[in-house]
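*Asks:* One structure, as structure tokens, below. Some questions next.
The values are calculated or read from the model by the stated rules, or taken from the named source; none is laboratory data. Model, not experiment: these values are computed from the prediction. As a convention, Cβ positions derive from the backbone with ideal geometry for all residues, glycine included, and neighbour counts pool all protein chains shown. Heavy atoms of the whole protein, side chains included, go into the accessibility calculation; ligands, DNA and RNA do not. Shrake-Rupley method; radii C 1.70, N 1.55, O 1.52, S 1.80 Å.
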Amino acid sequence: METICKKCIEQGGKRWNPTKTKEYQKLFLNLPWFSNINDEKSNNTILNIAGQLQLIEFIHELHKECELSPEDIFYNEETGENNDHDSEIESILIKVEVCATGAIIEAICYIILRYNNIDFHKTYTKNGNVDNTNFASMLNLIENNKLISKDEIKLCKDIKDLRNRIHLFDQTVTDIGAFSRDEADLATSCLYRLLQRWLNASNDTMQAYFPFIP
């Protein structure tokens, strides 16, 4: 059994490690958007994406090791609180997982636009030009220029909407109540489908690289 628990490792358990960044690099270089290996910015973006995937891997491992389960969570709509001792840990992990998933798709969308030489709209200020590189603007540009399919755009927007629940202001629910296991699974499921299409990867390849994504 692979483990991140020091005591378990000392007792003979196999040390758990995430997928190496170089493995993710080789995989993502199959995408045309990242094909220019001499582009330092593109290469750094791949490394950043790899880091977020490692983070999701780590969260998945924590769930297994700590035996956290969505069945253990009971959300009380009247009080806005979860009613078990694991619930706040689960809420933290879910939040990080959704944000990491959103960060991956946002980074890929940015690279898609750079690859197609599409500039972002500029906001002019007294101090110079500021790029409006927010997630919504990027998706609008990708959609208007028909750079990916309508179905893929929808998946990206679903992830964006879930990720944006991290905003702490003008919310109808608290930060703790804003994220559920179902929503985290929806975000990672969208990510899985997008990566499989873009990478043109078989189910075996996806399971080899992304067993931690539903």
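*Asks:* Considering only residues that are over 18 Å from the mean Cα position of the chain (by Cα) and within 14 Å of Leu195 (Cα to Cα), which ones fall in segment 35-57?
*Replies:* Listed by number, the list is empty, since nothing qualifies.
*Asks:* When you go through Asp151, Asp185 one by one, which is the residue that is within 23 Å of Ile56 (Cβ to Cβ), part of a helix (DSSP H, G or I), at pLDDT 95 or above and open to solvent by 40 Å² or more (accessible area, probe 1.4 Å)? So that I can check it myself, show each step before the final result.
*Replies:* Working: Asp185 fails: at pLDDT 95 or above.
One residue alone meets the criteria, Asp151.
*Asks:* Inspect all residues belonging to segment 110-117 and state whether any of them is modelled with pLDDT of 90 or more, more than 17 Å from the chain's Cα centre (by Cα), open to solvent by less than 20 Å² (accessible area, probe 1.4 Å) and over 16 Å from Cys190 (Cβ atoms).
*Replies:* Looking for residues that are modelled with pLDDT of 90 or more, more than 17 Å from the chain's Cα centre (by Cα), open to solvent by less than 20 Å² (accessible area, probe 1.4 Å) and over 16 Å from Cys190 (Cβ atoms), one finds at least one in segment 110-117, hence yes.
*Asks:* Applying the selection to segment 139-148, what residues are farther than 29 Å from Ser91 by Cβ, assigned to a helix (DSSP H, G or I) and touching a helix residue (DSSP H, G or I) at 6+ places or on another chain (Cβ under 8 Å)?
*Replies:* Let us first name the residues in segment 139-148 that are farther than 29 Å from Ser91 by Cβ, namely 140-148.
Filter once more, keeping what is assigned to a helix (DSSP H, G or I): 140-144.
Within segment 139-148, Leu141, Ile142, Glu143 qualify.
*Asks:* With respect to Asn36, is the statement that it is closer than 30 Å to Asn117 by Cβ, modelled with pLDDT under 85 and open to solvent by 40 Å² or more (accessible area, probe 1.4 Å) true? Please lay out each step first, then the result.
*Replies:* Details: closer than 30 Å to Asn117 by Cβ: yes; modelled with pLDDT under 85: yes; open to solvent by 40 Å² or more (accessible area, probe 1.4 Å): yes.
For Asn36, the condition - closer than 30 Å to Asn117 by Cβ, modelled with pLDDT under 85 and open to solvent by 40 Å² or more (accessible area, probe 1.4 Å) - is met.
*Asks:* With the requirement that a residue be in contact with a helix residue (DSSP H, G or I) (Cβ under 7 Å, 6 or more places away or on another chain) and either open to solvent by 50 Å² or more (accessible area, probe 1.4 Å) or free of Cβ contacts under 8 Å to residues at least 60 places away in the same chain (or both), what does segment 5-27 give you? Working first, answer last.
*Replies:* Within segment 5-27, the first condition is being in contact with a helix residue (DSSP H, G or I) (Cβ under 7 Å, 6 or more places away or on another chain), and the residues that meet it are 5, 15-16, 18-19, 21, 24-25, 27.
Answer for segment 5-27, where residues must be in contact with a helix residue (DSSP H, G or I) (Cβ under 7 Å, 6 or more places away or on another chain) and either open to solvent by 50 Å² or more (accessible area, probe 1.4 Å) or free of Cβ contacts under 8 Å to residues at least 60 places away in the same chain (or both): Arg15, Trp16, Pro18, Thr21, Gln25.
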